[in-house]
Amino acid sequence: MFVEREKTASFDVDPQRGFTPLCPKELPIAGGDEIAGELNEQANYSTCRVVSKDQHPAEALWVTDDPNQVLTPVEGDYPNLDVKWPAHCVAGTEGNRLIPGLPDEDAYDLVVHKGIDPEKHPYGACYHDLASSESTGVIEWLHQRNIETVIVGGLATDYCMKTTALQLKAAGFKVIVNLGACRSVNPETLDADQAEMRRAGIYIIQSASELQSSP
Ligand code: VGL
């Protein structure tokens, strides 16, 4: 697939240790620590590189330490919370750090922090709220750079990566999801997740080796 490098960004969604077996008490995703190589490859086809990070507080209404409570609804009137999760990617902890093999945070062109508010647990990196109304600023930043295409990878395929890709598509970008740079919380939903993204008009590739750009 051909991309025009000068108009292309690469987007590393939540590639954090808290989503990998490196932090088994958080939200370990099988192979989550294996995606750095593909994320670095896809970045070769872009002119700027963005990373998003879950920047969660240690205590929030959505946090549970009971495995049976994970994915059960948060009770009460909280429009920006849906289900409970184990604590993960808490600001200042090991789980918050980027996975090994990625550039240092300051080498990215933009770092997007999300999930800071204890009453909000967004998935997509483009908005702080579930209703997609409170921008994190990344869409405006990409427009300002005249970006037209975004290559997306990260964690997890079925939550934050997919939601971010759909948000970018809805904002008018051409979106290419690199599945080689993604891993799922629940691999059984991968076919459905791919179908949902394709229906929205997102292109899906298996690895960055499918990309081409002008010299
Ligand atoms: C994520 C579940 C809970 C993700 C974040 O980054 O995909 N998944 N929180």
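Within 14 Å of the chain's Cα centre (by Cα), outside any strand (DSSP E or B), touching a residue at least 60 places away in the same chain (Cβ under 8 Å) and under 20 Å from H56 (Cβ atoms): does that describe H121? It is true that H121 is within 14 Å of the chain's Cα centre (by Cα), outside any strand (DSSP E or B), touching a residue at least 60 places away in the same chain (Cβ under 8 Å) and under 20 Å from H56 (Cβ atoms).
Count of segment 155-178 residues, restricted to those that are open to solvent by less than 10 Å² (accessible area, probe 1.4 Å) and part of a strand (DSSP E or B), is 5.
The residue that is most open to solvent (accessible area, probe 1.4 Å), among those in segment 27-84 that are among the charged types (D, E, K, R) and either in a helix (DSSP H, G or I) or touching a Cys at 6+ places or on another chain (Cβ under 6 Å) (or both), is E34. Screening the candidates V152, V111 for the property of being within 16 Å of the ligand (Cβ to nearest atom) and open to solvent by 10 Å² or more (accessible area, probe 1.4 Å) yields one hit, V111. Contact map, segment 80-102: first residue away from the ligand (no atom under 13 Å from the Cβ), second residue of a type in the set (A, V, I, L, M) and open to solvent by less than 40 Å² (accessible area, probe 1.4 Å), Cβ cut-off under 6 Å, separation 6 or more or different chains; pairs are G101/A36; L102/A36. Examine segment 141-148 for a residue that is within 23 Å of L71 (Cα to Cα), open to solvent by 50 Å² or more (accessible area, probe 1.4 Å) and outside any helix (DSSP H, G or I), and state whether such a residue exists. Within segment 141-148, not a single residue is within 23 Å of L71 (Cα to Cα), open to solvent by 50 Å² or more (accessible area, probe 1.4 Å) and outside any helix (DSSP H, G or I). Within segment 187-215, restricting attention to residues that are part of a loop (DSSP other than H, G, I, E, B) and open to solvent by 60 Å² or more (accessible area, probe 1.4 Å), which residue is modelled with the lowest pLDDT? Checked segment 187-215; the qualifying residue modelled with the lowest pLDDT is P215.
Scanning segment 85-118 for residues that are under 18 Å from C160 (Cβ atoms) and assigned to a helix (DSSP H, G or I) turns up G95, N96, E105. So, in segment 1-47, exactly how many residues are away from the ligand (no atom under 15 Å from the Cβ) and among the acidic types (D, E)? Here the count works out to 5.
The values are calculated or read from the model by the stated rules, or taken from the named source; none is laboratory data. Being a predicted model, the structure only gives us computed values, none of them experimental. Positions of Cβ are generated from backbone atoms using ideal geometry, with glycine treated the same way; all protein chains shown enter the neighbour counts. Accessible surface areas use protein heavy atoms only, side chains included; no ligands, DNA or RNA. Shrake-Rupley method; radii C 1.70, N 1.55, O 1.52, S 1.80 Å.
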